[in-house]
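A.B. asks: For reference, the structure I am asking about is given below.
Derivation of every value follows stated rules applied to the coordinates shown; laboratory data play no part. The model shown is predicted, which means the values in this text are computed figures rather than measured ones. No Cβ is skipped: glycine too gets one built from the backbone with ideal geometry, and neighbour counts run over all protein chains shown.
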Amino acid sequence: MRTKIVVRSFEQVLQILRDQQFDVRERPGVAHEMAVGKYGAAAILAPNLKYTPKTAADGEQHPVVWITPPGWVLRGKISRLVDHGNQKLFETTTARVAATADALKSIHRFSEELREAIGEPSLYNESLGTISNSYLYDRLKGREPEPPAANDH
């Protein structure tokens with residue numbers, strides 16, 4: 001059974017977020033983009049300028065789009081969560097720190113509350129925990145593929 005998507009305007013979403021004590025700010029110098037934050041995590045949202053009720057009939061269009069997905073705020077920037085195989089790290093262009101369990105829980109809580117305010121469904125795999133933005137396993141870099149095993153019959 002498909003989960004019903006609630007359709008709220010960008011302004012309605014911003015008001016819901018303000019009512020739920022999210023920090024909602026305009027991004028300086030960037031039209032229509034809003035930085036929202038709570039629990040030490042943040043994301044950037046914008047109105048979907050291509051959205052119309054007619055284009056939303058297929059259920060794929062939504063009036064709010066994610067410009068930057070949720071991440072931990074690190075030195076004033078929204079970090080990406082990168083899985084390096086044996087460790088998860090928060091990374092920005094200028095910093096890299098180890099992800100703590102408390103920070104991951106905060107991002108997860110922030111993401112769930114943000115999705116609910118926007119009216120997006122909560123996906124099963126994402127509801128289990130925080131999802132990394134990318135997966136970089138150092139042990140695989142430059143490793144040649146294994147030759148096929150000989151079949152002994």
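A.B. asks: What ³J(HN,Hα) values, in whole Hz, does the Karplus curve 6.51 cos²θ - 1.76 cosθ + 1.60 give for region 30-45 when θ = phi - 60°, with x put for Gly and Pro?
C.D. replies: So the J values, rounded to whole Hz, are 10, 5, 6, 9, 10, 8, 10, x, 5, 6, x, 10, 8, 8, 10, 10.
A.B. asks: How high is the FRET efficiency between Gln87 and Arg109 when r is their beta carbon distance and R₀ equals 25 Å, given to the nearest 0.05?
C.D. replies: 0.70
A.B. asks: Please work out the FRET efficiency for the pair Ala95 and Arg18, using the Cβ-Cβ distance as r and a Förster radius of 22 Å; give the result to the nearest 0.05.
C.D. replies: 0.15
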